Amino acid sequence: MLAVSGGLDSIVLLEVLSRLKIVSSLALAHVHHGPSDDIFLRDFRNRAQDFVLQQAEGLGLRVFTNPQNGSLPLGARPQSTELKSEADLREFRYQWLRYWAAQEGRILVLAQHRDDLLETRLTRLVRGTGLTGLPAMQAFKDNLFRPLLGVSRSDLEVYGGTRGLNWIEDPSNQDRSRLRNWMRHEWLPQLEEYRPGGVDVLARSLEQLSQELDVAQRLDWLYGLALGEKGVRRWVLATLPKEARAIVLVEYFRRRGLASFTSAQIRELLKILDSKQKNFSFSFLACQWKVDPDWINARSSE
């Protein structure tokens, strides 16, 4: 199920999927954000809904959309006031999208792109979330698929223009009193002007930091499972892939203050520890090693 707002990103993704000849298996979903006191915003929301319905009709696709009165799916709390904050709009949108996807048993495809991801990360950092705010969007998670996260908005604009596509611009995206819009229209273009290529480098740097954080979190979990006060849990080490076993031993050495070793010595140590003996001892890397059915422990020979 493809979420289509009527904007550039979702229209480009719809066109790409149609060129791949897989639209017959698609259904479209469009969320109308309800009434607004702003006549221009109200007109945009109605036009965007009509536009997506026309796209679906032209391609012969099923389309899911909601009433224009701002009501929520059955069983959810009714929306009695106009949605204004980005958080409220996003929550309202996802309630409908997840509702339809669950009803149909489908994966939800979203057209968020690289610039969306960058702006989300920067917004979170400015608001003080720290490193935990970096893992903002993932290509596939919790039945959500975002195939355009590696594509910039400028690339989408070039593609849309080349293909002669039409889309509808959300007037609220020009409201620079919102932090995200200010970044998009003011700060990031100035960064690019001052240092050409800077926006791309910034996006890649934050992605790299996010990946490193993910690795660190996975390693923390791994170390917590494999290492204890008595040393290395033998059964855990035995069930890990070779690369993970080496990582655990290196961390164990680091915690014991044993910094002088080579990768070849780690491989040799792993071969020794692969022994089927229940209890054994040996000397290696200036340490006395004691292995029992539960634990592997090293003590300095010095």
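Would you check which residues across segment 157-182 are among the β-branched types (Val, Ile, Thr) and touching a residue at least 24 places away in the same chain (Cβ under 8 Å) and list them?
ILE168
Looking at ARG98, ARG106 in this structure, which one is touching a strand residue (DSSP E or B) at 6+ places or on another chain (Cβ under 9 Å), farther than 24 Å from ARG47 by Cβ, assigned by TED's automatic domain parsing to the domain that holds THR65 and part of a loop (DSSP other than H, G, I, E, B)?
So the residue among ARG98, ARG106 that is touching a strand residue (DSSP E or B) at 6+ places or on another chain (Cβ under 9 Å), farther than 24 Å from ARG47 by Cβ, assigned by TED's automatic domain parsing to the domain that holds THR65 and part of a loop (DSSP other than H, G, I, E, B) is ARG106.
Give the residue, chosen from SER263, SER275, SER283, that is of a type in the set (Ser, Thr, Tyr), more than 14 Å from LEU237 (Cα to Cα) and either more than 38 Å from the chain's Cα centre (by Cα) or surrounded by 10 or more Cβ atoms within 10 Å (Cβ to Cβ) (or both).
Result of the check over SER263, SER275, SER283: SER283.
Looking at SER152, SER172, can you tell me which residue is within 14 Å of ASP115 (Cβ to Cβ) and among the polar types (S, T, N, Q)?
SER152
Among the residues in segment 66-74, are any more than 25 Å from ARG153 (Cβ to Cβ) and modelled with pLDDT of 90 or more?
yes
Please indicate, with yes or no, whether at least one residue in segment 100-113 is among the aromatic types (Phe, Trp, Tyr) and free of Cβ contacts under 8 Å to residues at least 60 places away in the same chain.
Taking every residue of segment 100-113 in turn, none turns out to be among the aromatic types (Phe, Trp, Tyr) and free of Cβ contacts under 8 Å to residues at least 60 places away in the same chain.
Which pairs turn up if I take residues in segment 195-219 that are aliphatic (A, V, I, L, M) and look for partners that are at pLDDT below 85 and in a helix (DSSP H, G or I) with beta carbon separation below 6 Å, at least 6 apart in sequence or on another chain?
Here the result reads LEU213/LEU131, each pair linking segment 195-219 to a residue that is at pLDDT below 85 and in a helix (DSSP H, G or I).
The values are calculated or read from the model by the stated rules, or taken from the named source; none is laboratory data. Bear in mind that the values here come from a model prediction, so they are computed numbers and not experimental data. FYI the Cβ positions are ideal-geometry reconstructions off the backbone, even for glycines, and counts take in every protein chain you see.
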